[in-house]
Every structure is written in structure tokens, then in C-alpha cells.
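Q: My structure is below; once you've seen it, I'll send some questions.
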């Protein structure tokens with residue numbers, strides 16, 4: 001008996017070891033493009049981490065390998081365009097990335113996601129795609145019936161139909177994906193109220209940390225849980241505890257006492273606390289610094305390894321480009337051949353403007369940027385980043401008008417991703433120490449001067465307080 005138990009433990013450990021995946025294929029008519037596999041550090045924070053990258057060759061062909069521990073949702077990226085893909089340990093994926101030119105000249109918001117198709121059939125991806133088509137068709141066809149009725153019969157019939165269609169396919173990731181995606185219909189239809197759904201699907205049930213449909217339903221239920229009547233938490237008490245407590249156990253007590261359903265499930269409560277605190281981070285009444293301290297406690301002290309990782313990932317994601325976080329570093333060459341680094345800009349506030357060479361709005365803003373620089377009398381300096389299009393157009397426009405500040409050509413598109421640039425122009429204000437003051441700012445013709453003035457006063461106040 002002990003021998004069988006030992007074998008079981010060893011098998012489990014082997015399953016959790018990272019195993020290689022291979023992705024190969026062709027990007028149609030797209031040579032010398034950056035192909036990446038971006039994993040999510042966890043399926044709750046959705047913090048992105050690139051785990052493999054390669055450039056397509058002159059024919060658009062590529063092959064890359066990466067290591068993963070378990071089946072998980074990831075992203076396949078070509079330059080900055082991305083698409084979801086499910087990856088399984090030891091998986092081999094052969095695919096074709098389609099050349100979609102419909103978004104040329106448009107912002108990232110207006111572009112289609114990356115489109116690709118499998119050359120060789122991949123069972124898990126194809127079955128989930130088939131289920132998602134069924135799900136979306138059902139939802140569109142029965143939208144009114146689902147949202148206006150508490151009847152379970154229509155959802156029950158859909159579940160029976162799904163079971164019938166996929167009766168010969170057995171995969172645990174697929175089965176749980178179906179289960180929790182259909183459960184979201186029960187929440188939408190109000191067949192189960194929030195507490196009933198929590199009792200049926202979450203309390204004292206296994207947490208499927210790597211399943212995106214589980215985490216999606218979890219966040220649908222618990223993202224705003226602290227604000228809901230189901231939590232039983234007094235809002236004033238929540239503010240007091242979050243802003244002034246230095247112990248995560250106080251948050252756990254609020255959750256446990258507020259809803260007796262959760263009293264017996266410590267693991268579930270802690271995950272609710274992590275997700276709930278992350279949601280509070282961008283809510284006005286709550287102190288961001290203290291929320292990070294509470295999450296840091298979980299990261300360091302949780303007895304559940306998954307929760308330590310999730311809390312740590314939320315800390316990274318929440319603080320990215322937030323006030324006081326260090327701006328992503330860069331080292332680029334300006335129009336005069338001089339190297340400009342982030343460190344070179346310290347000592348003054350810096351307004352970073354991300355532009356595209358063919359962007360008429362970008363060019364029209366340049367004179368407004370010069371007015372801002374003059375308005376703040378040496379306290380503000382401008383730096384422009386130019387990507388794509390006719391990159392020299394902006395430099396020529398500035399030279400003709402004697403505007404003199406660095407214009408840096410961006411060849412590495414990952415710098416745009418680091419600064420979360422999705423549309424041109426985008427403006428980001430940097431503090432004198434190289435940290436973020438505001439990302440992203442309003443446009444220069446949208447009262448940007450008032451924001452800059454306020455942030456300068458905030459900087460001076462904090463400087464005085466720290467002395």
C-alpha cells in the first residue's frame with residue numbers, strides 16, 4: 001500500500017515538472033516578424049510573461065520551443081497582435097498565421113486579433129472551439145429567455161446537447177471548461193443566486209487554478225464580492241480594515257464572519273481575499289500602499305503555494321505604470337545620432353510622446369507640446385518616440401519650426417508594449433527621478449497643463465515630506 005502511495009506521489013511530481021512544447025509554422029507573407037509565446041503567470045491575475053520568442057525567416061517560417069508544467073491558456077503573438085491558444089505539456093503545434101491587412105493604419109483598439117489556423121488537427125483546441133461556437137450560438141438565440149427567466153430547463157437542455165455532441169471525447173481540462181462556462185449561464189439566468197452558486201461550485205470544492213473558465217467564473221462572482229450584499233461585509237468596516245490593518249487575517253475574518261458559507265473553507269477565502277483586494281486597488285476610498293502590503297503578506301506567508309504566486313503576480317500587475325513605479329528603461333538614438341537613455345532625463349519632469357510617422361494628429365500636437373514646455377519654464381522636457389510609417393516626417397516637421405527635443409525611432413515594438421501604448425499619440429509623464437507620474441495623460445488640447453501642474457505640486461509635497 002505504501003509502495004502504491006509512493007508511486008502516486010512520484011507520478012504527481014513528474015506531472016508538475018516542466019515539459020517541452022514545440023510550435024512551428026508559417027506567417028503568410030510576413031518575413032522578419034517577432035513570434036512569441038506569452039504564458040499567463042496564473043489564470044487569475046493574467047500577468048503576461050514571454051516564455052519563448054523567435055523571428056520569422058525570409059519565407060515567414062518559424063519554430064520555437066518552450067516549457068510548461070500543465071495545460072493552460074496562453075497567447076501566440078506576432079509583433080504586437082495576439083491570439084489565445086491552449087497549450088498542453090509535450091504538445092506539438094503546427095499552424096499558419098494569416099496575413100490580415102484590414103487593420104493597417106488603425107490603432108490597436110481597431111485591429112482584429114491575430115488570426116491563425118492549425119495545419120495539423122489539435123484535439124483540445126478544436127473541441128473547445130467547437131464548444132465555444134455552440135455556446136455563443138445558444139447564447140445569441142436564447143438571450144432573452146436566459147436573462148429574463150429563472151427557469152433551468154433551457155440551460156439543462158443545452159448541457160444535455162453538449163454532452164451528446166462530445167460524448168466520445170474525454171479530457172479533464174475540456175470537461176471542467178464546459179462545466180464552469182455553463183455555470184456562468186446559471187448565474188446570468190438567476191436560476192442560482194450568488195450564494196447558491198458559491199455553495200454549489202466553489203465551497204469545499206477543488207480550485208482549478210490552471211483552468212481559464214474556472215477562473216473567469218470565479219472572478220465574475222468574486223471580483224465585486226466585497227461590494228455585494230452576499231458578502232455580508234459592512235462597507236465602512238471594509239474601508240477601515242483595508243486602509244489601516246497590517247494583517248491579512250483581518251480581511252479573512254471579514255470574509256468568514258460576513259458569509260457563514262465560507263467559514264469552513266480557508267483556501268477559498270484566501271483566494272477571495274486576494275482577488276477582492278486587487279479589485280479595491282483602483283477604488284478611490286482604498287489605500288493602494290496598504291493593499292500592496294496586505295498582498296505582500298499573502299505572497300510571503302500563505303500556506304498555499306498557488307496563492308503566494310498569485311498575490312505576487314497581482315502586485316506586479318497592479319503596480320505597472322502606476323504612480324511612483326519605475327518607468328520601463330530604454331536606450332535609443334535621436335535625430336542627431338546621440339544616444340538617449342531614461343537615466344539621462346532625470347532632474348526634470350519629462351513628457352514622453354509616442355507617435356506614428358503617418359499620424360496627422362500626432363504632428364498637429366507638436367506645436368502644443370512646445371507650448372507646454374515653454375509654459376513650465378525649464379521644469380518640463382519633451383521626448384518623442386516615433387514608430388512605423390514615415391518616421392522622418394516628425395523630425396522634418398520639428399526641424400522646419402526649430403523645435404528642439406529628442407526624437408527617438410522605435411524599432412523594438414516591445415518598448416511600446418512595455419509602456420502599454422495602444423493608440424497614437426499616447427502621452428506619459430515621468431517624474432524627475434525616472435518614475436511614472438501619469439500613464440497615460442490626457443491629450444495636449446485636453447487641459448493637460450492642469451494635470452502636469454497638479455503632478456508637479458504632488459511631487460514637491462512628497463519631496464518635502466521625505467526630507
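The values are calculated or read from the model by the stated rules, or taken from the named source; none is laboratory data. Values in this document were obtained by computation on a predicted structure and should not be read as measured data. Every residue, glycine among them, receives a Cβ derived from its backbone with ideal geometry; neighbour counts consider all protein chains shown.
Q: Within segment 169-215, how many residues turn out to be modelled with pLDDT under 95 and outside any helix (DSSP H, G or I)?
A: Summing the residues that are modelled with pLDDT under 95 and outside any helix (DSSP H, G or I) in segment 169-215 gives 5.
Q: Do you know which residues across segment 336-356 are farther than 18 Å from residue 399 by Cα and free of Cβ contacts under 8 Å to residues at least 60 places away in the same chain?
A: 339, 341, 344 - these are the residues of segment 336-356 that are farther than 18 Å from residue 399 by Cα and free of Cβ contacts under 8 Å to residues at least 60 places away in the same chain.
Q: A follow-up question, please. So for segment 159-168 (the condition being under 18 Å from residue 85 (Cβ atoms) and outside any helix (DSSP H, G or I)), does at least one residue qualify? Give the derivation first.
A: At the first step, the residues of segment 159-168 found to be under 18 Å from residue 85 (Cβ atoms) are none.
No, segment 159-168 contains no residue that is under 18 Å from residue 85 (Cβ atoms) and outside any helix (DSSP H, G or I).
Q: If residue 411 satisfies every condition in (1) closer than 28 Å to residue 49 by Cα; (2) in contact with a helix residue (DSSP H, G or I) (Cβ under 6 Å, 6 or more places away or on another chain) but one, which is the exception?
A: Answer for residue 411: the failing condition is (2).
Q: Consider segment 284-319. How many of its residues are assigned to a loop (DSSP other than H, G, I, E, B) and loosely packed, with under 14 Cβ neighbours inside 10 Å?
A: The total comes to 3.
Q: When residues of segment 340-377 are filtered for being in a strand (DSSP E or B) and under 11 Å from residue 424 (Cβ atoms), how many remain?
A: So the answer is 4.
Q: Which of the residues spanning segment 66-89 are touching a strand residue (DSSP E or B) at 6+ places or on another chain (Cβ under 8 Å) and either farther than 24 Å from residue 171 by Cα or not in a strand (DSSP E or B) (or both)?
A: 69, 71, 77, 78, 79, 82, 88, 89 - these are the residues of segment 66-89 that are touching a strand residue (DSSP E or B) at 6+ places or on another chain (Cβ under 8 Å) and either farther than 24 Å from residue 171 by Cα or not in a strand (DSSP E or B) (or both).
Q: If you take the residues in segment 418-459 that are within 25 Å of the chain's Cα centre (by Cα) and free of Cβ contacts under 8 Å to residues at least 40 places away in the same chain, which one is surrounded by the most Cβ atoms within 10 Å (Cβ to Cβ)?
A: 440
Q: Next question, about the same structure. Is it true that residue 207 is surrounded by 14 or more Cβ atoms within 10 Å (Cβ to Cβ), under 19 Å from residue 268 (Cα atoms) and within 29 Å of the chain's Cα centre (by Cα)?
A: So residue 207 fits the description; yes.
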